[in-house]
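**Q** Structure in structure tokens, see below.
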Amino acid sequence: MKSKARLMQGNEACVEGAIAAGMKFFAGYPITPSTEIAEIAAEKLPRVGGKFIQMEDEIASMAAVIGASLTGSKSMTATSGPGFSLKQENIGYAALAEVPCVVVDVQRSGPSTGLPTSPAQGDIMQARWGTHGDHPVIALTPSSVRETFDLTIRAFNLSEKYRVPVILLMDEIIGHMRERVELPDAFEIEIVNRKKPTVGRDQYLPYKADEDLIPPMANYGEGYRFHVTGLAHDETGFPTNSPAMADKLYRRLMDKIEMHKDDIIQWEEENTDDADVVIVSIGGVSRAADTAMKQLREKGYKVGTFRPITVWPFPEKRLLELASKVKTFVVAEMNLGQIALEVERIIKDKAELKKVNKVNGEAIYPEEIIARIEEVL
Amino acid sequence: MPSALVNEYFRTNKLPQIWCPGCGHGIITRAITAAIDKLGLERDKICIVSGIGCSSRAPGYMDFDTLHTTHGRAIAFATGVKMANPDLKVIVITGDGDATAIGGNHLIHACRRNIDITTIVFNNNIYGMTGGQYSPTTPKFDKGTTAPYGNIDKAFDIPALAAAAGATYVGRSTAYHTQLLISLIENGIKNEGFSLIEALSVCPTYYGRKNKKGSAVDMLEWQKDHAVNISAASKMTPESLEGKFLIGEFKNSPEPEYTSEYQKIIDRLCKE
Amino acid sequence: MNNNETVTDKLVVNENWCKGCGICVKFCPKNVLKVENEKVKVIDIDKCIQCGLCELRCPDFAIYVRGK
Amino acid sequence: MDRHEIRLSGSGGQGLITGGIILAEAAILEGKNAVQTQSYGPEARGGASKAEVIISTDKIDFPKVRDCDIFLSLTQKSFDQYSKGVKENGIMIVDESIETGDSKIKVYKLPIIHTAHNVLGKPMVTNIVAIGVVAAISKVVSKEVLEEAVLNHVPNGTEELNKKALEIGYSLGENAVK
């Protein structure tokens, strides 16, 4: 049998994953370094009966994705820093109206136009708090081409399951890198679809949640004739000014993610059992962290790595466990300390925190992490 | 017991509506349902989408699949709905500010694509929901709360804008000329492509009061007295058209529709 | 709602929904209606020809012609 | 562990990014791991551009070249910008037009551009000639799999031209190491 191994770019793996997950609609607007996602989606989607549209701007792309999802189509958009900023209002809409969708952000340097083609990880906090108000969100960060494929599928599955926008937070390194991958066959892939109503139109309350805090979702065009709004609404889906109803809604939206944290949160760690120092990183930086850890281990230093795969919600519980035995966490990231802020909040004074930050448009090299750790040890 | 039409197409438990006394939006909303009724469209295959503003509250009262979105973005949301499920008849209800200020870009591009969406612009010449600021259709030198010394912006001619951008069906009527409005909406929905109908509304509360236009009744009378149907206008002298505005069907020139064209690509590729 | 409804052979008025704008009164060709205490009232139903202009222009869906 | 870090540099439009992709793909066809990265944006369309390839029998963590084993340069500008970081026991393969100055590193100076432009008469195959040279000198991938990878990436109707370009490039490299 011929090997299934292929050379594939991260951005391409994202589209392959999306199609494997059942994506049937993509709306986007060109922006480096995410553009290949739109290009490849444009080529592949009509071949599987799906739809691609290049909208007039980023805002429209996000809006179209929500509209399409309401008809039952699994929908995605992809962008980068400035475009991610523009999408934020409608990401908030998707969070409030509980419309499943996947938003890919291939991070680049910023703020503003910044260094358009250079890697960065400056959107960690934007992914969490980019839109106004309290809202639920899930963000996943791949660190290889194969993981980009897997996490794109997972992004769709989580968004369908929890009726929440899921952000696939890539970075330029992973998006543009090509490497060897072997993709699984379709039968090996788990696909999750949104929960449908089991009652007819007369009984259907579009925002009445089940015990899992997730309401079943009808599609437009099926005869449910329901209303969707970005205003605070009650279980019927219609606007309400009732403080009690608004409070109930906002708390449920946050709680539905909190309640299912264990299902949502994933991380990877290596050599943490005996580690004095643990490098915390995500995405492209984790590749440098792995190299640094291996080289330091060769020198006899007890160094491990901790990589949040789900960055929002953050793998808080596990990090806290590690904090009880690790002396120092070294947070390496291509920004001036966004993950570090979260790590600091979690570990408090249980362990020491050191940072490796880079914002000059270049990748963090293993040597820079090694140098920082050698200062500590 | 409401009328048969209202009973059939409205969520009567949500009525009375929130609009001010004499607001023209109710007349236009009813006209849309009258057009849908005349066409005998399949009820569950209609999706009504709106943005933000007074007019955008209309879908909440209408018993279809309804989508009340973000300010200016109704047409962009509607584009996703229509692309993903072309079996749906998609109708956008929007206001002058929603459609031509914050949503202007989406409007012109939907016109350009000729996607099968019927957009009805409830034009009341003002931002009503936020309390009377001047909009892109506030007549020059008229006042708004943000134009206390008179508006120096030139107003958009929305149908001309839509026609130039590529909409294949374009018309204008008023809250007063309700029968014409109903027939324009009917024809707009029938047009397989992007249709825009400007429905001149009246806002007695903000625009009217600020500009001394009198009551809702006075404002409707003004519409009656100043509107000239385009079919009659060609026979009139420029002098007699002075100070008047045109209503009627301005453009009806079908062209290939966007989602059908995309379907052709899918069909071609799936045959390969 | 029913207790605030005026039902005649020709017209129905729902006072609950009426906001008293007077549009129907003004454009009724036969002067069948008037506004009283911010609500529309039928004052001369005999003159009503059921033309439906009141229903067509009522922004509040508060008046309509029966049997049409 | 067998590991090679390769940097291909030149000016935008010379096709070196495709060249890097072909090299990486050839390595995968041989059952090895490979990672390819590149410079993006305006510099990829003019100025100095680079593509990097790491080929290893092991897992590749950090994807960028740190200790360059094989450096290719087709323009003076790209040589000046990207030749730093080549290992002392590494090799540099440069177009004959390039002034390399004094270097402890082994340099192969070859008529790559001339061969594509004048011998083959097609500037568009410069990259294929170049990777033929790189493969012949470095032996990072075999000629056979490289040809397979080339054919996977060239436009229909240009297969023979590209095979010939690869053949000539490979001979150029083989003769240089003799």
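The values are calculated or read from the model by the stated rules, or taken from the named source; none is laboratory data. Remember, it's a predicted structure, so these values are computed and weren't measured experimentally. Methodologically, a virtual Cβ is constructed for each residue, glycine included, from the backbone with ideal geometry; neighbour enumeration extends over all protein chains shown. Ligands, DNA and RNA are stripped out before the accessible areas are found, and what is left, the full protein with its side chains, is counted by its heavy atoms. Shrake-Rupley method; radii C 1.70, N 1.55, O 1.52, S 1.80 Å.
**Q** Beyond 16 Å, how much of the Cα-Cα pair distribution for region A:1-52 remains, as a whole percent?
**A** Working: 544 of 1326 pairs.
Roughly 41 percent, once rounded to a whole number.
**Q** Also: Taking all protein chains as present, what is the carbon and sulfur share of the accessible area of region C:5-65, in % to the nearest whole number, probe 1.4 Å? Please report the intermediate quantities before stating the final value.
**A** Values: 1220 of 2650 Å².
Carbon and sulfur atoms account for 46 percent of the accessible area of region C:5-65.
**Q** P(r) for the protein assembly as shown: what percent of alpha-carbon pairs falls in each 10 Å bin, starting at zero?
**A** 2, 11, 18, 19, 16, 13, 9, 6, 3, 1, 0, 0
**Q** Placing one identical point scatterer on every Cα of chain B and ignoring solvent, what is log10 I(q)/I(0) from the Debye formula at q = 0.07, 0.11, 0.14 Å⁻¹?
**A** For chain B at q = 0.07, 0.11, 0.14 Å⁻¹, log10 I(q)/I(0) is -0.24, -0.59, -0.95.
**Q** Divide by every residue of chain B the summed helix terms, -39500 (n - 2.57) for each DSSP H run of at least 4, and state the resulting mean residue ellipticity at 222 nm, rounded to the nearest 500 deg cm²/dmol. Walk me through the intermediate numbers first.
**A** On the way: 10 runs with 96 residues, N = 272.
Calculated from helices alone, the mean residue ellipticity at 222 nm is -10000 deg cm²/dmol.
**Q** Could I get the Rg over Rh figure for region A:217-311? Both from C-alpha atoms, Rh via Kirkwood, rounded to two places.
**A** 1.32
**Q** Separate question: Compare the Cα positions of B:36, B:81, B:51 along the charge dipole of region B:1-95 (+1 at Cβ of Lys, Arg; -1 at Cβ of Asp, Glu; about the Cα centre) and return the one farthest towards the positive end.
**A** B:51
**Q** Next question, about the same structure. Give the A-B buried accessible area in Å², both sides summed, 1.4 Å probe, nearest 100.
**A** Values: alone 15980 and 12780 Å², together 25520 Å².
Roughly 3200 Å² of accessible surface disappears when A and B pair.
**Q** Oh, and also: Could you tell me how many cubic angstrom of Cα convex hull volume region A:252-293 has per residue? Show your work: numbers first, answer last.
**A** Values: hull volume 4.2 nm³, N = 42.
Dividing the Cα hull volume of region A:252-293 by its residues yields 101 Å³.
**Q** If you bin the C-alpha pair distances of region A:268-376 every 10 Å from 0, what whole percents do you get?
**A** Once binned at 10 Å, the Cα pair distances of region A:268-376 give 16, 54, 28, 2.
**Q** On to the next question. Relative to the first principal axis of the alpha-carbon coordinates of chain B, what is the inclination of helix B:74-84, with its axis defined by its Cα atoms, in degrees from 0 to 90 and to the nearest 10?
**A** Approximately 10 degrees, to the nearest 10.
**Q** Moving on to the next point. Between helix B:178-190 and chain B, what is the angle of the helix's C-alpha long axis to the longest principal axis, kept within 0 to 90° and rounded to the nearest 10?
**A** 20
**Q** How much area per residue is accessible in the protein assembly as shown when the probe is 1.4 Å and only protein heavy atoms are counted (Å²)? Each step should come with its number before you reach the end.
**A** Numbers: 34290 Å² over 895 residues.
On a per-residue basis, 38 Å².
**Q** While we're here: Label residue C:43 and residue A:48 with points 7 Å out from Cα along Cα→Cβ: what is the distance between them in nm?
**A** 7.0
**Q** Let me ask another. How big is region A:6-188 in terms of Cα radius of gyration and Dmax, in angstroms?
**A** 14.5, 43
**Q** Right, something else. Cα-Cα over 31 Å: which of D:77/D:122; A:4/A:358; A:196/A:248? Let's see the in-between values first.
**A** Working: D:77/D:122 22 Å; A:4/A:358 37 Å; A:196/A:248 22 Å.
Listed pairs above 31 Å: A:4/A:358.
**Q** Something else about it: Within 10 Å of each Cβ in peptide A:8-15, how many partner chain Cβ atoms are there on average? Round it to a whole number, please.
**A** Other-chain Cβ atoms within 10 Å of each residue's Cβ, averaged: 1.
**Q** R0 = 41 Å: FRET efficiency of residue A:193 with residue B:179, Cβ-based, nearest 0.05?
**A** Given R0 = 41 Å and the Cβ-Cβ separation, E is 0.30.
**Q** Accessible surface of residue D:113 in the full protein assembly, 1.4 angstrom probe, to the nearest 10 Å²?
**A** Result for residue D:113: roughly 40 Å² accessible.
**Q** I'd like the residues of region C:1-35 whose 1.4 Å-probe accessible area shrinks by no less than 30 Å² going from the isolated chain to the full set of protein chains.
**A** When all protein chains are present, C:17, C:19, C:21, C:23, C:26, C:27 each give up 30 Å² or more of accessible surface.
**Q** Give me the distance in nm between label points sitting 7 Å out from Cα along the Cα-to-Cβ direction at residue D:176 and residue B:267, one decimal.
**A** Inter-label distance under the simple model: 5.6 nm.
**Q** How would you order C:47-59, B:161-173 from highest to lowest mean count of nearby Cβ atoms within 10 Å?
**A** B:161-173, C:47-59
**Q** For chain A, with all protein chains present and a 1.4 Å probe, just round the carbon and sulfur fraction of the accessible area to a whole percent. Walk me through the numbers on the way to the answer.
**A** Details: 6670 of 13430 Å².
Result for chain A: 50 percent of the exposed heavy-atom area is carbon or sulfur.
**Q** Follow-up question, since we're still on this one. Roughly how many Å is it from the Cα centre of region A:355-377 to that of region A:279-318, as a whole number?
**A** 13
**Q** Give me the inter-chain shielding for A:136-144: mean count of other chain Cβ atoms within 10 Å, whole number please.
**A** Neighbouring Cβ atoms belonging to other protein chains average 1 per residue here.
**Q** Along the charge dipole of chain A, pointing to its positive end and built from +1/-1 on Cβ of Lys, Arg, Asp and Glu, which listed residue (A:79, A:377, A:157) has its Cα farthest out?
**A** Farthest towards the positive end: A:157.
**Q** Which whole number gives the average count of other chain Cβ atoms within 10 Å of the Cβ atoms across peptide B:8-19?
**A** 3
**Q** Shifting gears a bit: Can you order the peptides B:57-70, D:147-160 by their average number of other Cβ atoms within 10 Å per residue, highest first? Each step should come with its number before you reach the end.
**A** Working: B:57-70: 25.3, D:147-160: 14.7.
Per-residue mean Cβ counts within 10 Å order the peptides as B:57-70, D:147-160.
**Q** Given the C-alpha atoms of region D:92-156, compute the convex hull and give its volume per residue in Å³.
**A** Value for region D:92-156: 84 Å³ per residue.
**Q** Also: Roughly how many Å is it from the Cα centre of region B:85-110 to that of region A:107-149, as a whole number?
**A** Here the answer is 30 Å between Cα centres.
**Q** I'd like to know which of D:79, A:364, D:13 lies farthest towards the positive end of the charge dipole of the protein assembly as shown, counting +1 on Cβ of Lys and Arg and -1 on Cβ of Asp and Glu.
**A** Selected residue: D:13.
**Q** While we're here: Could you size up the charge dipole of region D:99-156 around its Cα centre, putting +1 on the beta carbon of Lys and Arg and -1 on that of Asp and Glu, and report it in debye to the nearest 20?
**A** 160
**Q** Using only the alpha-carbon atoms of region C:5-65, report the extent along each of the three principal axes, biggest first, to the nearest angstrom.
**A** If we take the Cα atoms of region C:5-65, the spans are 24, 20, 18 Å.
**Q** I've got another one for you. Sorted by average packing, counted as other Cβ atoms within 10 angstrom per residue and highest first, what order do D:163-169, A:99-105 take?
**A** The peptides rank, most packed first, as A:99-105, D:163-169.
**Q** Based on alpha-carbon centroids, what's the gap between region C:21-68 and region D:53-110 in Å, whole number please?
**A** 89
**Q** Over the alpha carbons of region D:24-178, what is the largest minus smallest coordinate on each principal axis, giving the biggest first in Å?
**A** Principal axes ranked by extent give 39, 39, 37 Å for the Cα atoms.
**Q** Next question, about the same structure. Taking the Cα centre of chain A as origin, work out the dipole magnitude from +1 charges on Lys and Arg Cβ and -1 charges on Asp and Glu Cβ, in debye rounded to 20.
**A** 460
**Q** Could you size up the charge dipole of region B:3-271 around its Cα centre, putting +1 on the beta carbon of Lys and Arg and -1 on that of Asp and Glu, and report it in debye to the nearest 20?
**A** 400
**Q** Here's a follow-up. So what's chain A giving for Rg/Rh, alpha carbon basis, Kirkwood Rh from the mean inverse pair distance?
**A** 0.98
**Q** Can I ask one more? Name the residue, out of A:95, A:363, A:27, whose mean-square fluctuation peaks in a Gaussian network model built on chain A with Cα pairs under 10 Å.
**A** For chain A, modelled as a Gaussian network with Cα springs under 10 Å, the answer is A:363.
**Q** Tell me the label-point distance for the pair residue B:225, residue B:87, using the 7 Å Cα-to-Cβ offset, in nm and rounded to one decimal.
**A** Each label point lies 7 Å from its Cα, and together they span 5.2 nm.
**Q** How much length is gained if the chain between residue A:203 and residue A:321 is pulled fully straight, taking 0.36 nm per residue apart and subtracting their Cα-Cα distance, in nm to one decimal?
**A** 37.9 nm
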